[in-house]
């Protein structure tokens with residue numbers, strides 16, 4: 001028994017120490033939790049917003065990355081040879097989820113005891129169960145997603161539920177009925193562990209992992225195809241139009257909804273928290289952010305044009321034109337997508353039209369900026385870590401400015417200034433990159449190669465290339 | 001009458017300030033099979049990718065079929081070229097058959113029966129996703145894909161590095177057959193000197209960014225000799241400064257010399273200098289390679 005428990009602990013330690021993705025995740029999550037703790041000392045409004053964002057990161061990041069880490073671990077043949085390795089890997093993950101939630105709860109309670117205890121009506125049991133369900137079900141669904149396309153769509157159910165349950169008063173039936181939450185969590189884990197009983201090889205997990213390995217633009221999905229040969233070679237099968245639709249649904253709708261769902265957890269602290277306009281603003285911001293990140297992943301297209309060089313008619317300039325046509329089509333489609341969302345929101349809840357216009361403008365400009373920024377980094381072959389840090393800095397700067405702008409009502413001038421500056425930078429980068437493309441040494445900058453054990457999954461490999 | 005299919009004119013190429021190719025000039029005639037040798041990092045891949053236009057030379061020019069590769073745009077010219085990169089560029093999600101069908105769409109001419117035959121000979125499972133193939137199988141598939149349009153000029157960057165001996169032998173035989181069937185030109189890099197010896201009729205050897213050897217294989221083996229002097233025999237300054245002396249060392253009490261261009265004049269010179277009859281020992285290609293890198 002001790003030995004089995006020891007193996008689970010060893011697996012947990014392995015997650016946290018061996019895998020770079022998990023190391024970064026753990027470091028960022030711990031930092032976020034520390035911020036939560038410190039914010040307890042701040043004034044109420046700052047604590048409220050800050051702790052929500054920090055805890056969102058602390059819960060959301062492991063949720064996104066643990067599934068990928070799990071697949072990488074169980075797909076590693078050497079680890080798979082250890083008896084019942086997948087069980088221990090799953091249990092290690094469960095332990096990780098429990099530790100994350102317990103740590104978060106401790107931070108909340110401690111920070112609450114410092115300054116805000118009297119103002120909050122936190123029910124620790126309800127909070128713990130709901131958070132645990134949130135984290136663990138997210139982890140599990142991410143694990144299954146690699147194998148089942150339907151899983152990605154099913155995954156949308158959870159954030160949708162969290163967002164709309166309070167509106168539809170579903171929560172009222174469950175409030176005070178914590179065992180239901182607990183049963184749901186246990187049920188999910190039991191189903192997952194039951195599925196794990198089948199050997200990985202028969203279950204086809206290793207095969208699914210190979211397809212998952214790439215990150216957002218290169219291998220999350222295994223369906224669909226691009227019918228034209230140049231497009232398929234340059235974009236890869238994983239980047240087919242059907243896959244792009246799935247990216248949009250999951251990452252530009254699902255992720256923002258997930259964040260909004262996290263914010264609804266705040267209602268456990270204070271029922272009047274977060275008005276609908278505030279939640280819509282959060283959704284729109286996250287939607288823009290995710291759209292921009294997905295657009296940035298197109299930088300890999302620029303590198304993959306290498307595969308067309310000896311096959312496609314034309315010079316390097318012709319190749320660049322072909323590449324840019326693909327990029328522009330993508331950007332325009334993203335903008336149309338933003339327009340549809342804005343229209344829908346305006347028609348259903350009558351959200352401020354001025355903000356929605358800015359949202360659509362940003363929906364075109366931000367992806368363009370991030371696309372050309374990412375291509376620039378790849379074209380100059382910056383070291384992976386520097387690429388990641390620079391890109392995160394760009395995204396962070398843009399996001400921080402937009403958050404500041406959206407938090408205050410009279411923000412048109414600021415947002416216009418941001419949009420103008422972003423457009424200017426995007427145009428300058430585009431000129432630089434187009435020139436560089438004519439001189440690039442493809443032998444120095446190769447397409448990212450994904451190893452068969454899964455690589456660095458989870459959406460970051462498009463920039464780190466590790 | 002043979003045509004010049006490739007011309008390298010004083011080509012320089014470097015990365016991040018480090019020179020990799022330092023002025024390479026050569027010509028390749030139609031129908032030649034050239035083996036490119038060099039130690040790791042010698043610049044073989046850089047040379048191949050510069051020839052093909054994947055990298056642009058810092059100085060000098062590279063022409064394929066008379067057209068500079070940096071402005072190569074004509075589809076009909078590009079389609080006369082086949083390339084097997086060192087790292088395969090297959091799409092993991094596709095089966096071999098799907099990938100072949102995909103690549104075939106680029107070309108007006110595609111010899112599918114040839115590929116089917118080669119796939120059978122090489123034992124490549126075409127209905128398995130590339131992600132599930134072994135490294136060797138992926139390499140074989142890459143070779144098949146590069147040969148489908150029956151290119152006149154074929155570049156292979158260490159094509160046999162991951163192949164087992166049986167597959168290597170079959171692959172080399174395929175190369176020989178391809179050359180015998182049509183007027184094809186092949187330039188391939190490898191570390192396996194014995195393979196090169198079996199197939200190539202000309203050898204390029206890169207060392208320190210320079211093309212140290214550019215010669216017909218038979219001629220190279222004929223003219224490169226090793227001479228071991230009797231114990232105690234002195235090596236005069238005349239011999240030491242002889243320009244064709246590529247290596248001089250002492251083993252036990254004997255001086256061992258390797259000459260790159262051995263002929264009667266040098267034979268006489270050595271005989272006079274050492275007061276004896278030198279006994280030249282002809283070397284295998286592998287020995288020549290090792291002597292050049294001592």
Every residue in the stretch B:77-94 that is more than 8 Å from chain A (Cβ to nearest Cβ), touching a helix residue (DSSP H, G or I) at 6+ places or on another chain (Cβ under 7 Å) and either outside any loop (DSSP other than H, G, I, E, B) or more than 21 Å from residue A:446 (Cα to Cα) (or both), please. B:82, B:84
Residue B:53, sole failed condition from (1) surrounded by fewer than 22 Cβ atoms within 10 Å (Cβ to Cβ); (2) facing chain A (nearest Cβ under 7 Å): (1)
Selection status of residue A:320, at pLDDT 85 or above, more than 14 Å from chain B (Cβ to nearest Cβ) and assigned to a helix (DSSP H, G or I): no
Residue B:41 fails exactly one of (1) exposed (fewer than 14 other Cβ atoms within 10 Å of the Cβ); (2) within 14 Å of another protein chain (Cβ to nearest Cβ); (3) outside any loop (DSSP other than H, G, I, E, B); (4) under 18 Å from the mean Cα position of the chain (by Cα), namely (3)
Over the stretch A:300-317, the set of residues outside any loop (DSSP other than H, G, I, E, B), within 7 Å of another protein chain (Cβ to nearest Cβ) and farther than 16 Å from residue A:446 by Cα is none
Within the stretch B:167-190, how many residues turn out to be touching a residue at least 60 places away in the same chain (Cβ under 8 Å) and closer than 24 Å to residue B:141 by Cβ? 9
Sole residue being within 17 Å of the chain's Cα centre (by Cα), assigned to a helix (DSSP H, G or I) and in the same structural domain as residue B:169 (by TED's automatic domain parsing), chosen from B:196, B:211: B:196
If you go through the stretch B:168-182 one residue at a time, do you hit one that is surrounded by fewer than 21 Cβ atoms within 10 Å (Cβ to Cβ), away from chain A (no Cβ under 14 Å) and either modelled with pLDDT of 90 or more or touching a strand residue (DSSP E or B) at 6+ places or on another chain (Cβ under 7 Å) (or both)? yes
Select from the stretch A:341-359 the residues that are surrounded by fewer than 18 Cβ atoms within 10 Å (Cβ to Cβ) and closer than 25 Å to residue A:421 by Cα and list them in ascending order. A:352, A:353, A:354, A:357
On the given criteria, is residue B:144 more than 14 Å from every other protein chain (Cβ to nearest Cβ) and within 21 Å of residue B:93 (Cα to Cα)? yes
Failed item, numbered, when residue B:188 is tested on (1) outside the structural domain of residue B:285 (by TED's automatic domain parsing); (2) modelled with pLDDT under 90: (2)
Number of positions in the stretch B:113-135 that are surrounded by 14 or more Cβ atoms within 10 Å (Cβ to Cβ) and within 14 Å of chain A (Cβ to nearest Cβ): 6
Keeping to the stretch B:96-105, report how many residues are within 8 Å of another protein chain (Cβ to nearest Cβ) and either surrounded by fewer than 17 Cβ atoms within 10 Å (Cβ to Cβ) or without any contact (Cβ under 8 Å) to a residue 24 or more places away in the chain (or both). 2
Looking only at the stretch B:61-76, how many residues end up being in contact with a helix residue (DSSP H, G or I) (Cβ under 9 Å, 6 or more places away or on another chain) and in a strand (DSSP E or B)? 5
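The values are calculated or read from the model by the stated rules, or taken from the named source; none is laboratory data. Here the structure is a predicted model, which means the values were calculated and not measured. Every residue, glycine as well, gets a Cβ built from its backbone with ideal geometry; the counts of neighbours run over all protein chains shown.
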